[in-house]
1. Near A:F379, within a Cβ-to-Cβ distance under 12 Å, what is the net charge of the other residues, with Lys and Arg +1 and Asp and Glu -1?
2. Principal axis lengths of the range A:117-274 from Cα atoms, whole Å, largest first?
3. Please grab the % of Cα pairs in the range A:325-430 that end up more than 19 Å from each other.
4. Compute the signed sum of charges (Lys and Arg +1, Asp and Glu -1) over the other residues within less than 11 Å, Cβ to Cβ, of A:F538.
5. What is the mean projected area of the alpha carbon convex hull for the range B:1-75, to one decimal in square nanometres?
6. Taking the Cα centre of the range A:61-153 as origin and charging only Cβ (+1 Lys, Arg; -1 Asp, Glu), how large is the dipole, in debye to the nearest 20?
7. Along the Cα→Cβ direction, 7 angstrom out, place labels at B:D93 and A:D291. What is the inter-label distance in nm?
8. Which value, in Å², gives the accessible area per residue of chain A when a 1.4 Å probe is used on the protein heavy atoms?
Amino acid sequence: MADVMSMEDIRKEAAQLNIDFSGVDWNSIRLPHGEDCGIKSDDDDLIEEDSLEFDAGFGNIIVVDNLPVVPKEKFEKLEGVVRKIYSQTGVIKENGLWMPVEEDTGKTRGYCFIEYNTPQEAELAKEKTHGYKLDRAHIFSVNMFDEIDKFMRVPDEWAPPEIKPYTPGENLQRWLTDEKGRDQFVIRAGSDTEVLWNDARQLKADPVYKRPFWTESFVQWSPLGTYLATVHRQGAAVWGGASTFNRLMRYAHPQVKLIDFSPGEKYLVTYSSHEPSNPRDTHRVVLNIFDVRTGKVMRDFKGSADEYAIGGTGGFTGVSWPVFKWGGGKEDKYFARMGKNLISVYETETFGLIDKKSIKVENVMDFSWSPTDPIFAIFVPELGGGNQPARVSLFQIPSKEELRQKNLFSVSDCKMYWQSNGEYLAVKVDRYTKTKKSTYTGFELFRIKERDIPIEVFELDNKNDKVISFAWEPKGHRFAVIHGDNPRPDVSFYSVKGGKVSKLTTLKQKQANALFWSPSGHFIILAGLKGFNGQLEFYNVDELETMATAEHFMATDIEWDPTGRYVATSVTSVHEMENGFNIWSFNGKLLYRILKDHFFQFLWRPRPPSFLSPEKEEEIFKNLKKYSKKYDVQDQDISVLLSEQDREKRKQLKDDWERWVNEWKRYHEEEKMERQMLRDGEASDVEEEYEAKEIEVEELLDVSEEVIQDA
Amino acid sequence: MRPILMKGHERPLTFLKYNRDGDLLFSCAKDHTPTVWFADNGERLGTYRGHNGAVWCCDVSRDSTRLLTGSADQTAKLWDVQSGTQLFTFNFDSPARAVDFSVGDKLAVITTDPFMGLTSAIHVKRIAADPDDQVGDSVLVLKGPLGRINRAVWGPLNKTIISAGEDAVIRIWDTETGKLLQENEKEFGHKKTITSLAKSTDCSHFLTGSLDKSAKLWDSRSLSLIKTYVTERPVNAVAMSPLLNHVVLGGGQDASAVTTTDHRAGKFEAKFYDKILQEEIGGVKGHFGPINALAFNPDGKSFSSGGEDGYVRLHHFDSEYFKIPSI
């Protein structure tokens, strides 16, 4: 385009061409369309604005193919049929159905476009009618309008996929090789999410990685600690890496609400629920199971919220999470969910039901997997007004064989507690008394690993005591129960070793309502949360003695680190004040505390299970002195270093302060005269500096003379 | 040490001030009568009647003859300490808040709140030696900061005025020209409303307390930040020991936000910090409402606290207190 001429040039040129410049009416000049001769118009912006289209996307439009080709006369009939089919799944927009016709013949072309109000409805319509048989020759093929582009771009000829050269990945478990053997944890406070080392020896937390707005709702470690999962509007993501946190994989799942890893962290289950556009419809839920490493969807489940609500006749709208419970230990072989009168067990080889059918169990109320074996226990309440007793059964998978069953009478409720090695199952049974006015509690103990699975019944000393909390010793043979109706309940410890349940001890009148065993056993925290304001008692179950009592005022959460060396107690934002966390040693010594406003989450990074055999672990525990020498020396060194650093720091602070004070003194001295002037010459500074002086005063009270006889 | 409870006010305490000799304690509260007490035994000496609104602040002249009070009734009043008679009333168009006598007591600074469209302001008044000559004209009026000014005090040699308030910024003004000389660096400053300010005896440094749950120590001349004391509660009141390197922070959960019945939940403690190490060294419990006012006796051997609960608690330190090792 020509450069813009100056007015001078224009006049010159006009004179040359003999044009009378003054006679030109500027407004009458019309430029050719689409040509501005290099002159920018002030109106351009306006035009651009007008031509803006609403770029809402075409997610709510579907394309239906394989419709019959009909002549003009039958057009309306076909349109009516199509409209009828597609109005069932959602509301078609006004003028939202468009069936193109051949211009010359008026025949339809065999496809149409349908526009819904929402993408969700379009998605549903596609799902429901893809493959719909109108008749033998016309099977609908339904696609999203947005996807047409994608299909157009499919090349006609097959090309072999490029094989990328193998690049070794990072060691995602580098954190386990920390020289100082520390553990990591993640905290979420305000908008920041932060991963830190628990540097307990230095009595502080050492930052690893921090990121604001890392997640939109919460974070979660995978069960073996390899990944940290974050949740976003578009889906979930996992992070990890050797030294820092990089995004390793994303899992698309719009509006994801909840996530759950399989115990061996091979799979990730994501869950979302969607409000229906029609208020009469139920909530729809979507569950996806992803392969964690490839990010592929292995199986998706869609349905109404009612189908996935657990407990059958619960009557609540949400689902209890996790919907799918993983069984069979760390191999991630089976997962199952409970439905109405059935339990569906899937296997991960095909992601289908085992034997292609669910296990029918009338009125099943609860089920739970053994933590280590493909065995699950179910609880069925009484039926027919007591004619059919309640029962607890154990099922083996994949054979679906019932291993053991126990009938129970006049039961009001059952709770199942697996020991972490899957060796024992304790079932807490609440039974009605004869009058049906109150309940009492008993326990049924299943010894899973023994022949024929013997069952033992036992009761508390006072069977009318209400059981407040129950917890197995991890990997151990003991359990703790908080029981009693007093404001200060009792805590009892039992052992199941030697084929019989025996009581170890009962601690009377404790301010406790929750039990937290150390993951390595031996130690337990009796915690008084909520009403007890955060009372903590650190108890050694081997020696049956209290190691320490302490308090973390208002504490809401308690979590042991995966090694059982340290405990974190935290006050999360359910309380307005005191937010933050404390780190304690296993024996109840407060190591350090960090306060953070709007504190949401504290999670230790889990560790994979140890490769040592239980015998070896036992041996190490017995000969701890031999092994601990090395660490004692290290501890000593660090504590010397710490006090050294501390002294240094204090000296520094003191020196700095000394400098300030000297400077102030100097100013004060310099300004002395001026100050006197301001005070009308009153020499008053002396009094400003108070000095405590001791003055001795001697006073003569009395004088008397006495002659002392010489001995 | 058993604290002496002084129950003379019917409403929450707002301010406490010792005279220079340390034998009198003046207390201000939301009831309308500032009160004077014997600082040694807590005996009530008398009240100053005349205000018609909450009294926010007071200051007493060096020779303990004049008392200046700032009140929500839109006045600041000058009283005769001994007789309790009103000597003069400064009238404003909005509630008066902070008051402070200059070195030499010839000038006084009085701040007024933002009110009915008026912005907050800092007024400098001349205090006449003879109350009959007293006039109400301002020598200087400083305006600028948005929001309430909670405290304004004289800097060294009356050359500057230091102000702090709702906008969390500490400002130093030139008293000759009325110009704004300095604002504290945003990076180091408080994040929320500054509620209180206490000068050191020699005026070389001062301590500010803020709702951001911290207190900060500043140099009065350069306005450089020297120390920060972090606590768990919003800070309503601060004081510095004139004797030892201790600072005291008082505060607590806002009375309206107290939801739990447990008195510990509010943390209505006066907390002692080591001035140099910035570490907490102790606390004095007792109030059952947030602490609104703190003052140290100029001899450093006692201090008093005033709470939302309407009590003034007077604490004489035990001999052990003076044995607390510093560093």
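The values are calculated or read from the model by the stated rules, or taken from the named source; none is laboratory data. These numbers come from a predicted model, not from an experiment. Reconstructed Cβ throughout: ideal geometry from the backbone, glycine too, with neighbour counts over all protein chains shown. These accessible areas exclude ligands, DNA and RNA; they are computed on the full protein's heavy atoms, side chains included. Shrake-Rupley method; radii C 1.70, N 1.55, O 1.52, S 1.80 Å.
1. -1
2. Projected onto its principal axes, the Cα set of the range A:117-274 covers 77, 40, 27 Å.
3. 42
4. -1
5. 4.9
6. Value, rounded to 20: 360 debye.
7. Taking the simple label geometry, B:D93 and A:D291 are separated by 7.7 nm.
8. Ligands and nucleic acids excluded, the figure is 61 Å² per residue.
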